[in-house]
Amino acid sequence: MADASTLAALRARIRSLDGSGARFGAVRASLGDAIDAHLPWGGLPRATLHEIGGSLASGLAAALAGRFLRAAGTLVWCADAALTARQGALYGPGLARFGIDPARLVLVRCRRAGEVLWAAHEALRSPAVACVVAEIEGLDLLAGRRLQLAAEAGGAAGLLLRFGRADATPSAAVTRWRAAPFLGDDPGARLWLLDLWRVKGGVPASWVVQWDEKTLSFAAAREPADRPAAQHRRAAG
C-alpha cells in the first residue's frame, strides 16, 4: 500500500491534469477528520462551487456555510420564491445549531430563477462574502461556469442548494453531495447519510455521520453491521 506522501503527490498530479484545485485558495472548511482525510484538498475549498441535493440538502448547506463562516465574511443566501413556497422558508433560529450568526447573514429573496443566478453571481464576486447559497432546481453548464469564475474572482464558496431530482448532467461544481436521514439502531440518534457522488480529483464515498453542535462538524457514527448503508439509503428515500 502506498504511503501518505505518495498518495498526496498522486492526488496533486491528478488535480493538475484535470484542472481541479489549481485555482483554489488556501482557505478550506473542515467537515470532520474522516471526510477531510478523503477529500483531495484536506477539507472543502473556498473559491469554488459545491452542489448539494437530497432530503436534508438545506441542513447540509447550512452546515457547510457555517464552516466557511469561521473565517471573516458574510453569508449570502439567495432564496427562490417559488421554491420557498414548496419547500418552506429559511428558519433563522435553526441556523444557530450550525454556527451561523444571524448578524452575518444576508437573505436575498428572489422572484424567479434568473434573479437567483444574478444575485449569486454578484455576491460571489464580492471579497466581503465568505459563502453564497443559491437555491436552484437545475443549472446548465454555462451558467455554472460563470458562477465558478465569480467564485474564483471573489474567493467565496458557492453552495448550489439543488431542489428536485439530482442527475449526472455535466456540472461546474467541484463536489456534488446528497444528504438524507439514516435509520440507525437508536431511534433517538439523528444520523445523516452523506453521499459524495462526484468529486474532481478524487473518488466518491459515503459516510454515516452525526452533527456535533459542540465542534460544529460531522462526527463519524458506527454503522450497524447487519444494516448496510445502501438499505438505509433506500429507506430514507
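Of the candidates ARG125, ARG112, ARG97, ARG28, the single residue that is touching a strand residue (DSSP E or B) at 6+ places or on another chain (Cβ under 9 Å) and at pLDDT 90 or above is ARG112.
Here the condition is being at pLDDT below 90, part of a helix (DSSP H, G or I) and surrounded by fewer than 22 Cβ atoms within 10 Å (Cβ to Cβ); of ALA22, ALA34, it holds for ALA34 alone. Please enumerate the residues belonging to the range 90-143 that are part of a helix (DSSP H, G or I), closer than 23 Å to ALA71 by Cα and of a type in the set (D, E, K, R). Selection gives ARG97, ARG104, GLU122.
Candidates in the range 204-222 are the residues that are assigned to a loop (DSSP other than H, G, I, E, B) and either touching a residue at least 24 places away in the same chain (Cβ under 8 Å) or hydroxyl-bearing (Ser, Thr, Tyr) (or both); of these, the one that is nearest to HIS50 (Cα to Cα) is LEU216. Within the range 220-233, can one find any residue that is modelled with pLDDT under 95, surrounded by 20 or more Cβ atoms within 10 Å (Cβ to Cβ) and under 29 Å from ALA47 (Cα atoms)? No, there is no match, as no residue in the range 220-233 is modelled with pLDDT under 95, surrounded by 20 or more Cβ atoms within 10 Å (Cβ to Cβ) and under 29 Å from ALA47 (Cα atoms).
Within the range 79-89, the set of residues being outside any helix (DSSP H, G or I) and surrounded by fewer than 18 Cβ atoms within 10 Å (Cβ to Cβ) comprises GLY88, ALA89.
So that you can scan it fast, the table gives a plain yes or no per residue for (1) among the aromatic types (Phe, Trp, Tyr); (2) within 17 Å of the chain's Cα centre (by Cα); (3) surrounded by 15 or more Cβ atoms within 10 Å (Cβ to Cβ):
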site: GLU115; (1), (2), (3): no, no, yes
site: PRO127; (1), (2), (3): no, no, no
site: VAL132; (1), (2), (3): no, yes, yes
site: GLY154; (1), (2), (3): no, no, yes
site: ARG162; (1), (2), (3): no, yes, yes
site: ARG178; (1), (2), (3): no, yes, yes
site: GLY184; (1), (2), (3): no, no, yes
site: ALA189; (1), (2), (3): no, no, no
site: LEU193; (1), (2), (3): no, yes, yes
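Evaluate the following for GLU122: is it crowded, with 17+ Cβ neighbours inside 10 Å and of a type in the set (Asp, Glu)? So GLU122 fails the test. For LEU139, which of the numbered conditions (1) modelled with pLDDT of 95 or more; (2) crowded, with 21+ Cβ neighbours inside 10 Å fails to hold? So the condition that LEU139 fails would be (1). If I filter the range 51-67 for residues that are farther than 23 Å from LEU196 by Cβ and either out of contact with any Gly (no Cβ under 6 Å at 6 or more places or on another chain) or loosely packed, with under 15 Cβ neighbours inside 10 Å (or both), do I get at least one hit? Taking every residue of the range 51-67 in turn, none turns out to be farther than 23 Å from LEU196 by Cβ and either out of contact with any Gly (no Cβ under 6 Å at 6 or more places or on another chain) or loosely packed, with under 15 Cβ neighbours inside 10 Å (or both).
Report whether or not ALA113 is touching a residue at least 40 places away in the same chain (Cβ under 8 Å), aliphatic (A, V, I, L, M) and under 16 Å from PHE163 (Cα atoms). No, not satisfied. The number of residues in the range 171-189 that are part of a loop (DSSP other than H, G, I, E, B) and modelled with pLDDT of 85 or more comes to 4. Within the range 67-89, residues that are over 13 Å from GLU115 (Cβ atoms) sit with their Cβ atoms under 9 Å from residues that are at pLDDT below 95 and polar (S, T, N, Q), at 6+ positions apart or across chains, in these pairs: ARG67/SER30; ARG67/SER217; ARG70/SER30; GLN87/SER58; GLY88/SER58.
Residues in the range 97-107 that are buried (at least 19 other Cβ atoms within 10 Å of the Cβ) and either free of Cβ contacts under 8 Å to residues at least 60 places away in the same chain or hydroxyl-bearing (Ser, Thr, Tyr) (or both): ILE100 only.
The values are calculated or read from the model by the stated rules, or taken from the named source; none is laboratory data. Please read these numbers as outputs of a predicted model, since none were measured by experiment. Please note: Cβ atoms are built from the backbone with ideal geometry, for glycine as well, and neighbour counts cover all protein chains shown.
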